[in-house]
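The values are calculated or read from the model by the stated rules, or taken from the named source; none is laboratory data. Just so you know, these numbers come straight off a predicted model, no measurement behind them. With ideal geometry, Cβ positions are generated from the backbone for all residues, glycine too; neighbour counts draw on all protein chains shown.
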Amino acid sequence: MQESPARSLTARHRMKRVLFLFSDTGGGHRSATEAMIEAMELEFPGVFDCDKVDVFREYLPGPLKYAPELYPPMTKFPEGWGFGYKALDGRRRAGMALQMVYPYVRRATQRLFRENPADIIVSVHPLVNTGMLRTMRKSPKPFITVVTDMVTTHAFWYDRRADLVVVPTDDAKQLAIEYGIPEGNVRVVGLPVAERFAVPQASKDELRQQLGWRADLPVILLVGGGDGMGPMARVAKAINEARLNATLVLICGRNEELKHKLEAIDWTLPTHIYGFTHQMPEFMSASDMLVTKAGPGTISEAFIAGLPLVVYARLPGQEDGNVSYVVQQRAGVWAPRPDQVVDAVRRWVNDPVARSEAAAASHRVAKPGAAREIARIIADQVGVYPALN
Ligand code: UDP
């Protein structure tokens, strides 16, 4: 039976409202946000009304509002990026920088706060916490920061006025404490990842059939984050020249130029090229190994899908720790040169035993329950408990 509009309005009114703050600087903040929204509904059906706001694009004045568009070109100069990242990383330096920016963003954050009434605010972006918490000083609400970098997390993430800070690793917890968050307010949970990565929709063979990929060859999945970042074309060409007995799947994300460049190549192996896909869980479930830049979202997803990783690039600063984490956990290798990528991939294509050992190591560090656990933490902050459902 369909609910009457009046009834559904009342139901909506009773629902607790959660506001997620993110931005499309890269693809990871959005993926984490969507995973948590999905988990809120899975854990507490019909109890929460979740909204998400791209703070930069929807609220901040120029040039900050163009951050999602500016992020990929800015990261094309990794050394410059790393320099800026490190120069501002530190409790006092980060605090001073944010204080200087606040007058410029104050009106925008006030408008954001006014226009999006919520019972609890969850931030998934390092650059929105301090501005928002300052704006909320006179009418505080529960505020949770969910850190979506894995290990080497920036001081910008950590504002001690947050009620709770959720981090993915013990290393990140140490940094949170160093940057002034009381230990009792930090929870090590994991990075929130969509349920479909942990619960594949079909078997590997069925997925390959649906995707039009060959069933009889190992599949190499090559991804450069949400924006097709890093020297993906060079890596793809090196794999092509190695003439491996495998299928190559290339995900260019929102990088149209890269997609056109790759489509013009004469491929020596079965190759499938995609732009931005909403089927990443299926792509990972249908693949045998992942070649990627060191994006925390993609790495966490690969752990859950049990894919061994070849990491070909990293953003200095925020992604440094991701590389060492993958290597230390034996979930994959660091291969900053295309010939090193080829060596790693060739080994796993030709040696299924080595491949499955690395796959098992990758799966061992997976935290598939993180999104649901964070959903329970959010609910707990507003007095909703699983037992009440
Ligand atoms: N992603 C996606 N479709 C694509 C490319 C990427 O859904 O075509 C997702 C990917 O699964 C991951 C996110 O975008 O969840 C990328 O996040 P990550 O932290 O790895 O890198 P970022 O893009 O934020 O640098």
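Please find, among GLU195, GLU178, GLU183, the residue that is charged (D, E, K, R) and without any contact (Cβ under 8 Å) to a residue 12 or more places away in the chain.
None of the other options fit; the residue is GLU183.
Does PRO368 qualify as being under 27 Å from GLU38 (Cβ atoms) and surrounded by fewer than 21 Cβ atoms within 10 Å (Cβ to Cβ)?
It is true that PRO368 is under 27 Å from GLU38 (Cβ atoms) and surrounded by fewer than 21 Cβ atoms within 10 Å (Cβ to Cβ).
Out of LEU19, LEU42, LEU64, report the one residue that is aliphatic (A, V, I, L, M), away from the ligand (no atom under 16 Å from the Cβ) and modelled with pLDDT under 95.
LEU64
Looking at the structure I just gave you, is LEU133 away from the ligand (no atom under 16 Å from the Cβ) and either surrounded by fewer than 17 Cβ atoms within 10 Å (Cβ to Cβ) or not polar (S, T, N, Q) (or both)? Walk me through it before giving the result.
Details: away from the ligand (no atom under 16 Å from the Cβ): yes; either surrounded by fewer than 17 Cβ atoms within 10 Å (Cβ to Cβ) or not polar (S, T, N, Q) (or both): yes.
Spelling it out, LEU133 is indeed away from the ligand (no atom under 16 Å from the Cβ) and either surrounded by fewer than 17 Cβ atoms within 10 Å (Cβ to Cβ) or not polar (S, T, N, Q) (or both).
Is the range 72-90 home to any residue that is within 30 Å of ARG196 (Cβ to Cβ), in a helix (DSSP H, G or I) and either over 19 Å from the mean Cα position of the chain (by Cα) or not basic (Lys, Arg) (or both)?
Yes: the range 72-90 contains one or more residues that are within 30 Å of ARG196 (Cβ to Cβ), in a helix (DSSP H, G or I) and either over 19 Å from the mean Cα position of the chain (by Cα) or not basic (Lys, Arg) (or both).
Name the single residue that is surrounded by the fewest Cβ atoms within 10 Å (Cβ to Cβ) among those in the range 213-232 being over 24 Å from ILE304 (Cβ atoms) and more than 16 Å from the ligand (Cβ to nearest atom).
ASP216
Can you tell me which residue within the range 272-303, out of those that are part of a loop (DSSP other than H, G, I, E, B) and under 17 Å from the mean Cα position of the chain (by Cα), is surrounded by the fewest Cβ atoms within 10 Å (Cβ to Cβ)? It would help to see each step written out before you state the result.
Narrowing the range 272-303 to residues part of a loop (DSSP other than H, G, I, E, B): 275-279, 286-288, 294-295.
Next, only the ones that are under 17 Å from the mean Cα position of the chain (by Cα) stay: 276-279, 294-295.
On the way: PHE276: 16, THR277: 14, HIS278: 6, GLN279: 16, ALA294: 25, GLY295: 31.
Only one residue tops the list, namely HIS278.
Before we move on, is TRP334 among the aromatic types (Phe, Trp, Tyr), farther than 17 Å from ARG187 by Cβ and over 25 Å from the mean Cα position of the chain (by Cα)?
no
When you scan the range 337-363, how many residues do you find that are over 25 Å from the mean Cα position of the chain (by Cα) and either of a type in the set (Asp, Glu) or under 30 Å from HIS125 (Cβ atoms) (or both)?
4
Of the residues LEU262, LEU315, LEU258, LEU269, which is surrounded by fewer than 24 Cβ atoms within 10 Å (Cβ to Cβ), near the ligand (Cβ under 8 Å from one of its atoms) and either more than 16 Å from GLY228 (Cβ to Cβ) or aliphatic (A, V, I, L, M) (or both)?
Criteria check complete, one pass: LEU315.
Scan the range 273-284 and report the pairs whose first residue is touching a residue at least 24 places away in the same chain (Cβ under 8 Å) and more than 19 Å from SER203 (Cα to Cα) and whose second residue is within 8 Å of the ligand (Cβ to nearest atom) and small (Gly, Ala, Ser), with Cβ atoms within less than 6 Å and a gap of 6+ or a chain change.
Filtered contacts from the range 273-284: PHE276/GLY253.
Taking only pairs six or more apart or across chains, which ones have beta-carbon atoms under 7 Å, a first residue in the range 16-27 that is closer than 17 Å to ASP149 by Cβ and of a type outside the set (A, V, I, L, M), and a second residue that is assigned to a strand (DSSP E or B) and within 9 Å of the ligand (Cβ to nearest atom)?
Listed pairs, sorted by first residue: GLY26/GLY226; GLY27/GLY226.
Scanning the range 318-339 for residues that are polar (S, T, N, Q) and within 13 Å of the ligand (Cβ to nearest atom), which turns out farthest from ARG364 (Cα to Cα)?
Here the residue is GLN318.
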